[in-house]
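*Asks:* One structure follows; several queries about it will come next.
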Amino acid sequence: MADLNKEDTESTQYNEILTPTELFAARSRSHKIPVRGQKDFFPDDSEEQRQRLEQSLTEHWSLVSEERVEKLGNLVKATWIPSEGIVELQSPAGKFWQTMGFSASGKQLLLPEEALYLMECGNLQVFHLELPLSVQDGYERFLSPSTVSLLQYQVFGHLKRLGFVVHRFDSSCQPSSYERQLNLPRSRDRAGTRLKRKRSDSSEASDRKDEDRTPPETSGVRPAVEGSEGRGGTWWLTDVHGGQSDPSPASGSSHWDFSSILFPDVGSRERQPGRLPSPDPSLLPASLAVGVCDVAPWRRRINLREVKTSPKEQKREEQRRGVNKDREVRRCRNWTEYRALLARRRGRRSGRPAHLWDGDVTPLHDPGQAIPTGELLDKISVIKSTHLLEGASRLKDSGEWRICFNVYQPDSVADFRKSDPGKPYSRVCVCSFGGPVPDLRALKTLALQSGDVSLVFAVVDHGDISFYTFKDFTLPTDVFP
């Protein structure tokens, strides 16, 4: 039995070596997939259509089942590491390294989907346990729920064959909504991790020196000043009227109370002194002295001219000041009763029916309130317009849907840098044609996660891929405010 096995092994190895005629025939035959139109397979129950269908299936099957022939010098050798789910290159990489792969610990590594795509293109030969893997072995070993699924790889390979640069999407590398609002720059290294800013020894020593020089009584926040009788104190030792304030701080207070600290009104039209005395030393940090402040130059810069108002505005101001003289207002015990009183008065002035506003359900608009036509139409509209990102920050991600890839334009390959890829052209979420349709919650959370990059849904139907996207739009209107 051992001799028979040896003979079988030798014959198998011999059959893998092609003669020059076989090698030339394998290299010169066409590798293009036969193309048929959809009309050729429209069911008409004819014998001619059945023959065309069988011929098409035979051509596809023969193309898929034929052996791939490549020169050993054109293949980059690599090793599959199942524990880490990556492929490590053992020989120098080719041109694909400009847009694919990454470096870590001095090693050149490929993701499973990148290695499988290069195997199909005839650029990579992967070994596992010192044995070469076929393309079928690559499908079985590289594709898994922990790496990429078959649907995701179909989308990845389809976009790569079209010339796009496709990378995995990493949600941890995306800026938060707060960082997007502030437009903060984000620096990253080649591995995609955030660069940490290391503080030098000199800066740390300077910080410690400043901390040691800070007096202990000024490290915290000083308490506010309050009078001995509970009255609010002032910032100044002597107020503008010449009165004295109690400079003794209140015990037990740990925060500034600005409601109890009175500042002089320099811009008042009333007679003010030209010079302000020094602030209370108990309210100032230690070793800080403030002298007398001359406010006369500042008062000259302030426009203190009295504003002339019209008789209508004067009457309105008098009504506002004399609101507490109204008997009905004085009967109101809280703000709710006061607002109800104002609503009744507006109803009497406008002449609207009172019973329409007495219940829980009221009309959409008060006829006594004058607003622009555009606002009125928006107020009484049945269907309210909304944006895709409206309320998305308050939603929680269910984890059922996720973004898979970042896609970059084909014309950017020449200048593409993996260390600084820039803003992607779009982001892709892969889903199955027979699976569930993403709901509004999923659309909002994914759009928020994608940021200002357009989100595209790649729907895979038995190998046929369709792309869909959702974008905000505004309907035209003929009414302007």
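*Asks:* Taking region 405-448 as the search range and keeping residues that are among the polar types (S, T, N, Q) and more than 19 Å from T386 (Cβ to Cβ), which one is surrounded by the fewest Cβ atoms within 10 Å (Cβ to Cβ)? So that I can check it myself, show each step before the final result.
*Replies:* First pass over region 405-448, keeping only residues among the polar types (S, T, N, Q): 406, 409, 412, 419, 426, 432, 445.
So of that shortlist, the ones also more than 19 Å from T386 (Cβ to Cβ) come out as 406, 409, 412, 419, 426, 432.
Numbers: N406: 22, Q409: 13, S412: 16, S419: 11, S426: 18, S432: 13.
Here the residue is S419.
*Asks:* Right, F467: among the aromatic types (F, W, Y), assigned to a loop (DSSP other than H, G, I, E, B) and over 22 Å from T147 (Cα atoms) or not?
*Replies:* no
*Asks:* Grab the strands (runs of 3 or more DSSP E) fully contained in region 41-160, keeping just those with 2 or more residues being open to solvent by less than 30 Å² (accessible area, probe 1.4 Å).
*Replies:* Numbers: elements: 76-81, 86-89, 102-104, 107-110, 124-128.
Passing ranges, in order: 76-81, 86-89, 107-110, 124-128.
*Asks:* Among the residues of region 291-303, is there at least one that is of a type in the set (D, E), more than 49 Å from the chain's Cα centre (by Cα) and under 30 Å from P277 (Cα atoms)? Lay out the reasoning, then the answer.
*Replies:* Of region 291-303, the ones of a type in the set (D, E) are 294.
Narrowing further to those that are more than 49 Å from the chain's Cα centre (by Cα): 294.
If we keep only those that are under 30 Å from P277 (Cα atoms) as well, we get 294.
Looking for residues that are of a type in the set (D, E), more than 49 Å from the chain's Cα centre (by Cα) and under 30 Å from P277 (Cα atoms), one finds at least one in region 291-303, hence yes.
*Asks:* Something else about it: Would you mind stating whether E390 is over 30 Å from R345 (Cβ atoms) and modelled with pLDDT of 80 or more?
*Replies:* Details: over 30 Å from R345 (Cβ atoms): yes; modelled with pLDDT of 80 or more: yes.
When the stated conditions are applied, E390 passes them.
*Asks:* Check W401 against each of (1) loosely packed, with under 15 Cβ neighbours inside 10 Å; (2) of a type in the set (F, W, Y); (3) touching a Cys at 6+ places or on another chain (Cβ under 8 Å) and name the one condition it does not meet.
*Replies:* Going through (1) loosely packed, with under 15 Cβ neighbours inside 10 Å; (2) of a type in the set (F, W, Y); (3) touching a Cys at 6+ places or on another chain (Cβ under 8 Å) one by one, W401 breaks only (1).
*Asks:* Can you tell me how many residues in region 366-417 are in a loop (DSSP other than H, G, I, E, B), more than 26 Å from F470 (Cβ to Cβ) and either of a type in the set (F, W, Y) or touching a residue at least 60 places away in the same chain (Cβ under 8 Å) (or both)? I'd like the intermediate steps shown before the answer.
*Replies:* Taking region 366-417 as the starting set, the residues that turn out to be in a loop (DSSP other than H, G, I, E, B) are 366-372, 381-391, 395-404, 409, 413-417.
Subset that is more than 26 Å from F470 (Cβ to Cβ): 366-372, 413-417.
Keeping just the survivors that are either of a type in the set (F, W, Y) or touching a residue at least 60 places away in the same chain (Cβ under 8 Å) (or both) gives 372, 413, 416.
Of the residues in region 366-417, 3 are in a loop (DSSP other than H, G, I, E, B), more than 26 Å from F470 (Cβ to Cβ) and either of a type in the set (F, W, Y) or touching a residue at least 60 places away in the same chain (Cβ under 8 Å) (or both).
*Asks:* Go through region 357-374 residue by residue and tally those that are surrounded by 10 or more Cβ atoms within 10 Å (Cβ to Cβ), modelled with pLDDT of 75 or more and of a type in the set (A, V, I, L, M, F, W, C).
*Replies:* 1
*Asks:* Can you confirm whether S419 is farther than 30 Å from G101 by Cα and modelled with pLDDT under 90?
*Replies:* No; evaluated as a whole, the condition is false for this residue.
The values are calculated or read from the model by the stated rules, or taken from the named source; none is laboratory data. Bear in mind that the values here come from a model prediction, so they are computed numbers and not experimental data. Here Cβ is always computed from backbone atoms with ideal geometry, including for glycine, and neighbour counts include all displayed protein chains. Surface accessibility is based on the protein's heavy atoms, side chains included, excluding ligands, DNA and RNA. Shrake-Rupley method; radii C 1.70, N 1.55, O 1.52, S 1.80 Å.
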